[in-house]
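Everything below concerns the one structure shown next.
The values are calculated or read from the model by the stated rules, or taken from the named source; none is laboratory data. Quantities reported herein were computed from a predicted structural model and do not represent experimental measurements. Cβ placement follows ideal geometry from the backbone for every residue including glycine, while neighbour counts extend to all protein chains displayed.
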């Protein structure tokens, strides 16, 4: 998708003489954004005058940046914990569904897996989080709320990961399975040694995207009382009564992490596709 | 196709400009004027109920509820709304620290804060009421309130350090889990990794009297009733007003402080 977009765009910029109508619209839109910023006083000296003072108030004074650091820790802890649960649950579910399709006699398990995926993909993660915390774990008093969040996000992501895995396995030519079966490997062995390794190579980029999405999804954890990165920004807002700076700082931190992860995926993709050209 | 796109984009821009930068209407003179204006409140607070009463049938159209006061006041300053209905003390803090705001002279309602409990948790209500009466009688509650009003509405709000509050760590009687929404200075505020505020210090004193360790759970205000009814927290201490509606789902302690609901407006938009 991404490459397509850029190619199209490049073609539009280079193949035509002068600017196309699309570019004029884009330019108009840019001008309009500039006008919006201008009209909200963004370019006035007053807006920048006390930028440093407010920055100091928001992040430096009394080591307030530590609130963001603690929030980041909680966000990363929840994301990594949920990733592990998501991978495990997703793998189990996809194996059940693929095995059922492959002829294993597990109709009940398959039905269960299907229902699980339907329900967890069909409801918002935030609603699930609230249900986990206030309905299912209503009486769990001394349990750290972060563990409940990890469970909620992990099980939710498990449903998506299951679909990613299943897609990956089904993308492998059935001939591979037939060939390895005819060479005398059992169903399980040909799955393990022939199909899954190839499927994994196909799904790793999608898996990473799922986890990047989850990193951002954890920003609703504030609803059940977890001071994650987003909530830490809101806590600074309440402390200094400043609205935009803490939010923008939080956005920048998320963006930096996502950019880093995207970079890792790209490297991984290159590494996985070596010798495939 | 492109022609259509361009046409509608330009149309959209013009329409947006016309809506977003419309001229200001007549200035607000009294609370009566608010009945036809866009108002905001924090979700689940008495401010929301008062705004709903003010607006009557128009409330779906004109009332916006925000998760945090900071968001509501930002919307006010950006002219998205014309008034925020909120508690007086937090409003005064905004007035002190943010330019261009004013508080309307008329008070919308007078009320009292109390601690909220799960319905039927009589044992804890009685124990807390007893402790509350004691700290009221020996003047320590008044001292706390005075200290915070001085710190937040006078100058030098940094004089209160969270380290000075004794959470009674390692108490033998177990824990007292208190739910709050720490964006409501001077009643509760998160500083670093701990909390300060009138409610927090009061709860610390109560916890000491009950020989329990104080644990603070920081949540959104509209999630607090849910948390106390499912036993996630033992009690709510978040500047919560006693209302008949809330009494149906919750038990309350005795009142500990009186408060007012006011309308926070832009200074340039208000004419006495």
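Condition check for residue B:96 on (1) in contact (Cβ under 8 Å) with a residue 60 or more places away in the chain; (2) within 14 Å of another protein chain (Cβ to nearest Cβ): one failure, at (1). Among the residues examined, residue A:190 qualifies as surrounded by 12 or more Cβ atoms within 10 Å (Cβ to Cβ) and more than 25 Å from the chain's Cα centre (by Cα).
Based on this model, can you work out whether residue B:153 counts as touching a residue at least 12 places away in the same chain (Cβ under 8 Å), out of contact with any strand residue (DSSP E or B) (no Cβ under 9 Å at 6 or more places or on another chain) and within 14 Å of another protein chain (Cβ to nearest Cβ)?
On the way: touching a residue at least 12 places away in the same chain (Cβ under 8 Å): yes; out of contact with any strand residue (DSSP E or B) (no Cβ under 9 Å at 6 or more places or on another chain): yes; within 14 Å of another protein chain (Cβ to nearest Cβ): yes.
For residue B:153, the condition - touching a residue at least 12 places away in the same chain (Cβ under 8 Å), out of contact with any strand residue (DSSP E or B) (no Cβ under 9 Å at 6 or more places or on another chain) and within 14 Å of another protein chain (Cβ to nearest Cβ) - is met.
Criterion first (outside the structural domain of residue B:152 (by TED's automatic domain parsing), touching a strand residue (DSSP E or B) at 6+ places or on another chain (Cβ under 6 Å) and either surrounded by fewer than 18 Cβ atoms within 10 Å (Cβ to Cβ) or under 28 Å from residue B:257 (Cβ atoms) (or both)) does residue B:83 satisfy it?
On the way: outside the structural domain of residue B:152 (by TED's automatic domain parsing): yes; touching a strand residue (DSSP E or B) at 6+ places or on another chain (Cβ under 6 Å): yes; either surrounded by fewer than 18 Cβ atoms within 10 Å (Cβ to Cβ) or under 28 Å from residue B:257 (Cβ atoms) (or both): yes.
For residue B:83, the condition - outside the structural domain of residue B:152 (by TED's automatic domain parsing), touching a strand residue (DSSP E or B) at 6+ places or on another chain (Cβ under 6 Å) and either surrounded by fewer than 18 Cβ atoms within 10 Å (Cβ to Cβ) or under 28 Å from residue B:257 (Cβ atoms) (or both) - is met.
Residues in region B:218-240 that are in a strand (DSSP E or B) and surrounded by fewer than 22 Cβ atoms within 10 Å (Cβ to Cβ): B:218 alone. Against the criterion of being over 30 Å from residue B:147 (Cα atoms) and within 11 Å of another protein chain (Cβ to nearest Cβ), residue B:36 does not qualify.
If the condition is being more than 11 Å from every other protein chain (Cβ to nearest Cβ), more than 19 Å from the chain's Cα centre (by Cα) and in a loop (DSSP other than H, G, I, E, B), then region B:173-207 contributes only B:173. Scanning for something surrounded by fewer than 18 Cβ atoms within 10 Å (Cβ to Cβ), under 18 Å from the mean Cα position of the chain (by Cα) and assigned to a helix (DSSP H, G or I), does region A:110-123 turn up at least one residue? There is at least one residue in region A:110-123 that is surrounded by fewer than 18 Cβ atoms within 10 Å (Cβ to Cβ), under 18 Å from the mean Cα position of the chain (by Cα) and assigned to a helix (DSSP H, G or I).
For residue A:132, the conditions (1) surrounded by fewer than 17 Cβ atoms within 10 Å (Cβ to Cβ); (2) within 14 Å of chain B (Cβ to nearest Cβ); (3) in a helix (DSSP H, G or I) are fulfilled apart from (1). Every residue in region B:47-76 that is within 14 Å of another protein chain (Cβ to nearest Cβ) and in contact (Cβ under 8 Å) with a residue 24 or more places away in the chain, please. Result: B:66, B:67, B:68, B:69, B:70, B:72, B:73, B:75, B:76. Report yes if residue B:44 is within 20 Å of residue B:245 (Cα to Cα) and within 14 Å of chain A (Cβ to nearest Cβ), otherwise no. So residue B:44 passes the test.
When residue B:84 is tested against (1) within 14 Å of another protein chain (Cβ to nearest Cβ); (2) in contact with a helix residue (DSSP H, G or I) (Cβ under 7 Å, 6 or more places away or on another chain); (3) in a helix (DSSP H, G or I), exactly one condition is not met: (3). Scanning region B:156-179 turns up no residue that is crowded, with 24+ Cβ neighbours inside 10 Å, touching a helix residue (DSSP H, G or I) at 6+ places or on another chain (Cβ under 8 Å) and over 21 Å from residue A:227 (Cα atoms). The set of residues in region B:110-129 that are within 15 Å of residue B:239 (Cα to Cα) and either modelled with pLDDT of 95 or more or crowded, with 16+ Cβ neighbours inside 10 Å (or both) comprises B:111, B:113, B:114, B:115, B:116, B:117. For region B:241-263, the candidate set comprises residues that are part of a helix (DSSP H, G or I) and touching a helix residue (DSSP H, G or I) at 6+ places or on another chain (Cβ under 8 Å); within that set, the residue that is nearest to the other protein chains (Cβ to nearest Cβ) is B:249.
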